[in-house]
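Trainee: Take a look at the following structure, please.
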Amino acid sequence: MRLYVSADMEGTAGVCSWAQVDPANAFEYPTYRRYMTQEVVAAIAGARAAETCEVLVNDSHWDMRNLLWDDLPHDVRVISGARKPLSMSEGAQDRYDAAFFTGYHAKIGDAGAVLAHTYSNETIYNVSINGRRCSEALLNAALLGTYGTPVVLITGDAGTVAAAREDLPWITGVAVKEAIGYYAANTMTPAAARDAIAEGAREAIARRREAKTFRFEPPIELTIDTAGVEHADFIELLPRFERTAGRSVRFRTDDYIEAFHAFLVAMRLASAANLPA
């Protein structure tokens with residue numbers, strides 16, 4: 001069996017502050033990248049307890065150079081580094097039998113969610129596909145689904161797990177913490193979280209044949225609401241993007257992969273507006 005793992009960090013047990021997940025923070029970040037790595041290792045171990053797995057891990061947080069190499073199983077492959085063509089879903093071009101999302105978080109604007117955002121909280125206020133507000137999990141699940149891979153496990157806070165189950169009802173969810181507002185959580189210890197994730201992963205693989213691929217049906221309408229007018233100013237310059245309001249743009253296509261690429265390009269271009277004028 002071939003397993004794909006997209007590993008984020010904000011949904012890791014214990015995380016409740018940007019300082020803990022920011023590589024520039026020399027005090028807290030080293031501890032929490034270790035917890036992130038250990039949760040990935042637990043997910044792989046749980047999957048392999050159910051079935052022999054060939055594993056690809058895509059480091060999906062911040063600069064995407066977070067995982068501690070020496071702590072990973074020696075036989076996994078890892079995609080590391082930022083500005084990947086498919087970002088958090090890089091590697092999904094090759095079909096897998098199942099996918100895990102570890103350390104994921106809720107979408108921007110969700111209440112009861114720790115550090116909720118959608119790709120860039122400085123640039124993006126909301127992302128919708130065909131009128132449905134999307135989290136990173138849903139955007140990435142749709143891309144994996146377009147390539148034929150079902151997502152069978154998600155770990156993160158309780159709000160993230162609940163939202164994922166609304167769109168992917170077959171998914172196994174492991175809630176390692178409950179939000180107390182945006183910057184606080186009632187959380188499992190890292191050790192307890194690892195045990196829960198390993199068991200959830202084992203269950204997810206044991207039930208993987210019940211899972212389905214998630215797709216958005218064409219025609220695809222991507223709507224981006226930006227954090228500021230200046231971000232939409234930049235995106236409007238891209239071909240086939242239409243300005244619909246001061247902070248809103250729209251992109252239409254029949255191909256979800258094209259829409260996903262358009263979203264990433266738009267977000268990256270718009271982020272230039274955050275630089276000093």
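Trainee: Against the condition surrounded by fewer than 21 Cβ atoms within 10 Å (Cβ to Cβ), modelled with pLDDT of 95 or more and not assigned by TED's automatic domain parsing to the domain that holds GLY109, how does ARG202 come out, does it pass?
Mentor: On the way: surrounded by fewer than 21 Cβ atoms within 10 Å (Cβ to Cβ): yes; modelled with pLDDT of 95 or more: yes; not assigned by TED's automatic domain parsing to the domain that holds GLY109: no.
When the stated conditions are applied, ARG202 does not pass them.
Trainee: Next question. Suppose we filter segment 187-199 for residues that are among the charged types (D, E, K, R) and either on the phi > 0 side of the Ramachandran plot or crowded, with 17+ Cβ neighbours inside 10 Å (or both); how many remain? Quick ask: steps written out before the conclusion?
Mentor: Just the residues of segment 187-199 that are among the charged types (D, E, K, R), to begin with: 194-195, 199.
Next, only the ones that are either on the phi > 0 side of the Ramachandran plot or crowded, with 17+ Cβ neighbours inside 10 Å (or both) stay: 194.
Of the residues in segment 187-199, 1 are among the charged types (D, E, K, R) and either on the phi > 0 side of the Ramachandran plot or crowded, with 17+ Cβ neighbours inside 10 Å (or both).
Trainee: If you don't mind, there's one more thing I want to ask. I'd like to check something: does segment 254-263 contain any residue that is at pLDDT below 95 and in a loop (DSSP other than H, G, I, E, B)?
Mentor: Taking segment 254-263 and keeping what is at pLDDT below 95, we get none.
No: zero hits.
Trainee: For the structure I just gave you, tell me whether ALA273 is touching a residue at least 60 places away in the same chain (Cβ under 8 Å), over 21 Å from ILE129 (Cα atoms) and touching a Leu at 6+ places or on another chain (Cβ under 6 Å). Give the derivation first.
Mentor: Numbers: touching a residue at least 60 places away in the same chain (Cβ under 8 Å): yes; over 21 Å from ILE129 (Cα atoms): yes; touching a Leu at 6+ places or on another chain (Cβ under 6 Å): no.
Spelling it out, it is not the case that ALA273 is touching a residue at least 60 places away in the same chain (Cβ under 8 Å), over 21 Å from ILE129 (Cα atoms) and touching a Leu at 6+ places or on another chain (Cβ under 6 Å).
Trainee: Right, here's the next one. Can you name the residue in segment 239-257 that is of a type in the set (D, E, K, R) and surrounded by fewer than 15 Cβ atoms within 10 Å (Cβ to Cβ) and, of all such residues, is nearest to LEU86 (Cα to Cα)?
Mentor: Only one residue fits best here, namely ASP255.
Trainee: Next question, about the same structure. What is the number of the single condition among (1) charged (D, E, K, R); (2) surrounded by fewer than 24 Cβ atoms within 10 Å (Cβ to Cβ); (3) farther than 18 Å from ALA191 by Cβ; (4) in contact with a Ser or Thr (Cβ under 6 Å, 6 or more places away or on another chain) that ASP71 does not meet?
Mentor: (3)
Trainee: Let me ask something additional. Since THR146 meets every condition but one in (1) over 25 Å from ALA192 (Cβ atoms); (2) among the β-branched types (Val, Ile, Thr); (3) in contact with a Ser or Thr (Cβ under 6 Å, 6 or more places away or on another chain), which condition does it not meet?
Mentor: So THR146 meets the others, but not (3).
Trainee: I've got another one for you. Are there any pairs with C-beta distances below 7 angstrom linking a residue in segment 19-39 that is at pLDDT 95 or above to a residue that is among the aromatic types (Phe, Trp, Tyr) and part of a helix (DSSP H, G or I), with the two at least 6 apart or on different chains, and if so which?
Mentor: Hits for this filter: GLN20/TYR29; GLN20/TYR32; VAL21/TYR29; VAL21/TYR32; ASP22/TYR29; PRO23/TYR29.
Trainee: Among LYS107, LYS84, which is the only one that is within 12 Å of the chain's Cα centre (by Cα) and among the charged types (D, E, K, R)?
Mentor: Values: LYS84 fails: within 12 Å of the chain's Cα centre (by Cα).
Only one candidate passes the filter, namely LYS107.
Trainee: For segment 205-238, which residues satisfy the criterion of being assigned to a helix (DSSP H, G or I) and surrounded by 15 or more Cβ atoms within 10 Å (Cβ to Cβ)?
Mentor: Pass one, segment 205-238, residues assigned to a helix (DSSP H, G or I): 205-206, 208-210, 229-235.
ILE205, ALA206, ARG208, GLU230, HIS231, ALA232, ASP233, PHE234, ILE235 - these are the residues of segment 205-238 that are assigned to a helix (DSSP H, G or I) and surrounded by 15 or more Cβ atoms within 10 Å (Cβ to Cβ).
Trainee: Would you confirm, using the coordinates I've provided, whether ALA175 is in contact with a strand residue (DSSP E or B) (Cβ under 7 Å, 6 or more places away or on another chain), modelled with pLDDT of 95 or more and within 27 Å of ALA47 (Cβ to Cβ)?
Mentor: On the way: in contact with a strand residue (DSSP E or B) (Cβ under 7 Å, 6 or more places away or on another chain): yes; modelled with pLDDT of 95 or more: yes; within 27 Å of ALA47 (Cβ to Cβ): yes.
Taking the combined requirement at face value, the residue satisfies it.
Trainee: Same structure, new question: Could you check ALA175 against (1) without any contact (Cβ under 8 Å) to a residue 24 or more places away in the chain; (2) outside any strand (DSSP E or B); (3) among the small types (Gly, Ala, Ser); (4) within 17 Å of ALA137 (Cα to Cα) and say which number it fails?
Mentor: Evaluating ALA175 over (1) without any contact (Cβ under 8 Å) to a residue 24 or more places away in the chain; (2) outside any strand (DSSP E or B); (3) among the small types (Gly, Ala, Ser); (4) within 17 Å of ALA137 (Cα to Cα) leaves (2) as the failure.
The values are calculated or read from the model by the stated rules, or taken from the named source; none is laboratory data. Quantities reported herein were computed from a predicted structural model and do not represent experimental measurements. Heads up, the Cβs are rebuilt from the backbone with ideal geometry, glycines too, and the neighbour counts pull from every protein chain shown.
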